[in-house]
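The values are calculated or read from the model by the stated rules, or taken from the named source; none is laboratory data. The structure displayed is predicted, hence computed values, not measured ones. Cβ atoms come from the backbone with ideal geometry, glycine included; neighbour counts cover every protein chain shown.
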Amino acid sequence: MSTEKSISTLLLDGGTLCLNFTNTIANRSVPEPFDYLGNYLDILRWYRRTEVLKPSVIKTLERLAKAYPPKAAAVFEKAIALRELLYAMFAGQAEGLSPKEQLVAEFNQYLAAAFSQLNLDHYNRKEPATLSFTMPELDLVWWEIVKSAVEVFTSRQLQLVRRCPACNWLFVDKSKNHSRKWCNMATCGDVHKVKQFYERKKKSDR
């Protein structure tokens with residue numbers, strides 16, 4: 001029996017926030033994949049799963065979304081456009097390709113808008129400072145994704161971005177010898193092996 005697809009059952013195998021966000025489409029290898037996100041409130045449900053935003057912040061964003069539906073809808077569309085932009089950039093990276101200049105230019109527009117809202121948190125001499133968004137605005141849902149993407153783009157993680165051959169999900173390979181092939185061995189790994197077995201069997205039966 002297959003598990004019904006919902007945000008509550010969505011696996012978070014990307015290894016980082018931005019890649020988990022690109023993986024909110026169930027299987028990018030099929031013609032019409034299931035999309036876990038249908039509206040702004042769905043993004044907030046997803047954030048509850050990730051535990052990146054505090055529950056109090058999510059509640060505030062829920063109230064804002066219900067008070068300003070057109071704005072929430074516009075922010076949702078912008079977040080989804082960012083999701084597809086990041087998928088194109090990171091999928092290319094996984095295939096050993098440099099990103100197209102147009103994609104980088106588009107991302108830089110998101111970056112400029114998001115980072116203009118960042119603040120340096122208070123810190124002491126023994127601990128490094130952190131950057132955070134202090135204003136709970138509707139756009140926060142994609143600001144956080146941009147921040148996460150920048151952390152990947154500017155770190156060693158970028159060289160460890162992989163694409164699952166079974167479902168095309170993206171993930172950071174954090175395995176000891178960096179040989180992880182599938183987004184999840186228990187799901188795509190087994191399915192991929194079974195598929196390969198039957199393909200070999202068909203050839204041997206001819």
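Observations on the structure shown:
- In segment 5-26 there is no residue that is more than 26 Å from LEU158 (Cα to Cα), out of contact with any helix residue (DSSP H, G or I) (no Cβ under 7 Å at 6 or more places or on another chain) and part of a helix (DSSP H, G or I).
- Failed criterion for ALA81 (all others in (1) at pLDDT below 95; (2) under 24 Å from LEU12 (Cα atoms) hold): (1)
- Cβ-Cβ under 9 Å pairs, at least 6 apart or on other chains, segment 175-195 side at pLDDT 85 or above and hydrophobic (A, V, I, L, M, F, W, C), far side surrounded by 13 or more Cβ atoms within 10 Å (Cβ to Cβ) and part of a helix (DSSP H, G or I): TRP182/CYS188; TRP182/GLY189; TRP182/ASP190; TRP182/VAL191; TRP182/HIS192; CYS183/GLY189
- Filter result (touching a helix residue (DSSP H, G or I) at 6+ places or on another chain (Cβ under 8 Å) and touching a residue at least 12 places away in the same chain (Cβ under 8 Å)) within segment 54-70: VAL57, ILE58, LEU61, GLU62, LEU64, ALA65
Each row is one residue, and each column tells you yes or no for (1) farther than 21 Å from GLN157 by Cα; (2) in a loop (DSSP other than H, G, I, E, B); (3) within 14 Å of the chain's Cα centre (by Cα); (4) at pLDDT below 95.
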residue: GLU77; (1), (2), (3), (4): yes, no, no, no
residue: LEU86; (1), (2), (3), (4): no, no, yes, no
residue: PHE90; (1), (2), (3), (4): no, no, yes, no
residue: ASN108; (1), (2), (3), (4): no, no, no, no
residue: LEU111; (1), (2), (3), (4): no, no, no, no
residue: ASN119; (1), (2), (3), (4): yes, no, no, yes
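- Residues located in segment 58-75, provided they are surrounded by fewer than 16 Cβ atoms within 10 Å (Cβ to Cβ) and in a helix (DSSP H, G or I): LYS59, GLU62, ARG63, LYS66, ALA67, PRO69, PRO70, LYS71, ALA73, ALA74
- Any hit, segment 160-173, residues being of a type in the set (Phe, Trp, Tyr), farther than 18 Å from LEU37 by Cβ and in contact with a Lys or Arg (Cβ under 6 Å, 6 or more places away or on another chain): yes
- Some residue of segment 43-63 being among the polar types (S, T, N, Q) and within 15 Å of ILE145 (Cα to Cα): yes
- Cβ-Cβ under 7 Å pairs, at least 6 apart or on other chains, segment 115-126 side surrounded by 11 or more Cβ atoms within 10 Å (Cβ to Cβ), far side part of a helix (DSSP H, G or I) and not hydroxyl-bearing (Ser, Thr, Tyr): GLN117/TRP143
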